[in-house]
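The values are calculated or read from the model by the stated rules, or taken from the named source; none is laboratory data. Since this is a predicted model, take the numbers as computed values, not measurements. As a convention, Cβ positions derive from the backbone with ideal geometry for all residues, glycine included, and neighbour counts pool all protein chains shown. Protein only, heavy atoms only, side chains kept; ligands, DNA and RNA dropped before computing areas. Shrake-Rupley method; radii C 1.70, N 1.55, O 1.52, S 1.80 Å.
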Amino acid sequence: MKMAWQPQEEGLRQILQLLKESQSPDNATQKAVQEKLQEFNKFPDFNNYLIFVLTKLTTEDEPTRSLSGLILKNNVKAHYNKFMPEVSEFIKSECLSAVGDPSPLIRATVGILITTIASKGELTTWPELLPALCNMLDSQDYNVCEGAFGALQKICEDSTEFLDSDALNRPLNVLIPKFLQFFKHSSAKIRSHAIACVNQFIIIRTQALMIHIDLFIENLFHLATDDDAEVRKNVCKSLVMLLDVRMDRLIPQMHNIIEYMLMRTQDADEGVALEACEFWLTLAEQPICKEVLGQHLNRLVPLLVGGMKYSEIDIILLKGDVEEDEMVPDRDEDIRPRFPKVRSHGMKHSELENGVSEGDDDEGMDDESTLSDWNLRKCSAAGLDVLANVFREDLLPVLVPILKETLFHQEWEIKESGILALGAIAEGCMTGMIPHLSELIPYLIGCLSDKKALVRAITCWTLSRYSHWVVSQPDHDTYLKPLMTEVSRRKHYN
């Protein structure tokens, strides 16, 4: 019987030394590490040492073991096709043996390594991988079950289309019913993995999932009020995608689903609230939107406007911009609003996608780049915009009282969100807003000299959304001139 590969003591010592040095913040040390890595990569069994440290060397600390796995992952990405067959086989068998490592960090690293190998076309030449992971799901050892699910989730994300092809003999016919069994598992982490795996196959309408669609939806409803935020987030994701793909199956439950999404849009966990808020964007694109959502506007619109307020974390990230600095001239970036870059999802028709979001993808940003991520504020504003385009003037009986309350509020964050809401509805509700503009435009012009830079910024944007009305008024002295004066004063104040 052939002996399994074993490391040489001196080789192991050198590699551990390298792993320790690579955790140093010093640039010169980092450079030396890169040179050593290139040198070590010339040895055929260097990658054996890396997998050995990751999976077997439990005397070492977890960050060092994990780092060894991540260096190996990069090697797999860069030159897996040059690995000797016995090295590839050793790495693959070691990965499978370590899926259930007691450490969550090591399990996650092994999962990343497995999926990196799989994405190199190895799903076809590693036929035992999916059956092995699938069997591990039934393990009584939680670590093995969770590790296998973590790896499967990554494979489902990375190889979605490939898993649904004939090339692999349709593994999803086995995997999807298997995943559905775990929706009611006692561990929240496992429940979350199970939904996340199935979610990968909704948009592509995988046949293996469509056969079980009713059971899937029934299981989702069972998890609707789960204690775990990650599970609730994945449930919301599922329902948003199903709205696009299998609306027919949701219609009988639409009233309950809307009630549920209204509740989740105010979830204490912002990640859950954001996923739920996506629902309104997707529903607005469906022909039945007006019919099913009309009676719920009086609850939904206040939620969306409430979601437009800067969160506490945004305000911390924006640091200087929340100071009172009306005596300091505004630079270009000061009067560029931090506002939605709209995902492909909704408002393809809306200028929210271009003019407003310039500030979000400028290379020179520091703290603002964090805010350019899609968040609840942006999604809420996008939702209000698309609903304004669906309901037009019918939105105003609910919205106008909210605008009156927020626009003139003492707290700047609430006032700012009201000005944003006013801008968001400009396209859809213009006709209905005209009677209010003679009062609102002078008020907005006044807000251009607000103490807060963020209020001035959003006011600029909202005024731009109503600018054609301003320009079309015969009396330029009332609106256009004061507006131009104020803009130029802000820009060139000395």
When each of Lys378/Lys451; Lys415/Lys452; Lys56/Lys189; Lys42/Lys82; Lys20/Lys154 is checked by Cα-Cα distance, pairs over 20 Å: Lys378/Lys451; Lys56/Lys189; Lys20/Lys154
When all C-alpha to C-alpha distances in the stretch 4-53 are sorted into bins of 5 Å, what percent of pairs does each bin hold, rounded to whole numbers? 4, 20, 31, 24, 13, 6, 1, 0
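Quick one: compute the contact order of the chain, relative version, from alpha carbon pairs under 8 angstrom and 6+ residues apart, as a percent.
On the way: 599 pairs, mean separation 45.4, N = 494.
Relative contact order for the chain comes out at 9 percent.
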Full-extension gain between Phe221 and Asn173, please, as 0.36 nm times their residue separation minus the C-alpha to C-alpha distance. 15.0 nm
Please state, as a whole number in µm²/s, the translational diffusion coefficient that the Stokes-Einstein equation yields for the stretch 87-216 at 25 °C and 0.890 mPa s, with Rh defined as the Kirkwood radius across alpha carbon pairs. 167 µm²/s
If the viscosity is 0.890 mPa s and the temperature 25 °C, what translational diffusion coefficient in µm²/s does Stokes-Einstein give for the stretch 364-459 when Rh comes from Kirkwood over Cα pairs? 173 µm²/s
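When you count, for each residue, the other Cβ atoms within 10 Å and take the mean per peptide, how do 443-452, 135-144, 457-466 rank with the highest first?
Numbers: 443-452: 17.6, 135-144: 14.9, 457-466: 23.1.
Peptide ranking by packing, descending: 457-466, 443-452, 135-144.
Could you compute the FRET efficiency for Lys82 and Glu285, with r as their C-beta to C-beta distance and R0 at 56 Å, rounded to 0.05?
On the way: r = 48 Å, r/R0 = 0.85.
It comes out at approximately 0.75.
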Please compute the per residue accessible area over the chain with all protein chains in place, 1.4 Å probe, rounded to a whole number of Å². 45 Å²
Orientation-averaged projected area, Cα convex hull of the chain (nm²): 28.4 nm²
With point charges of +1 on the Cβ of Lys and Arg and -1 on the Cβ of Asp and Glu, referenced to the Cα centre of the stretch 1-85, which listed residue (Ser24, His79, Val53) lies farthest in the positive direction of the dipole? His79
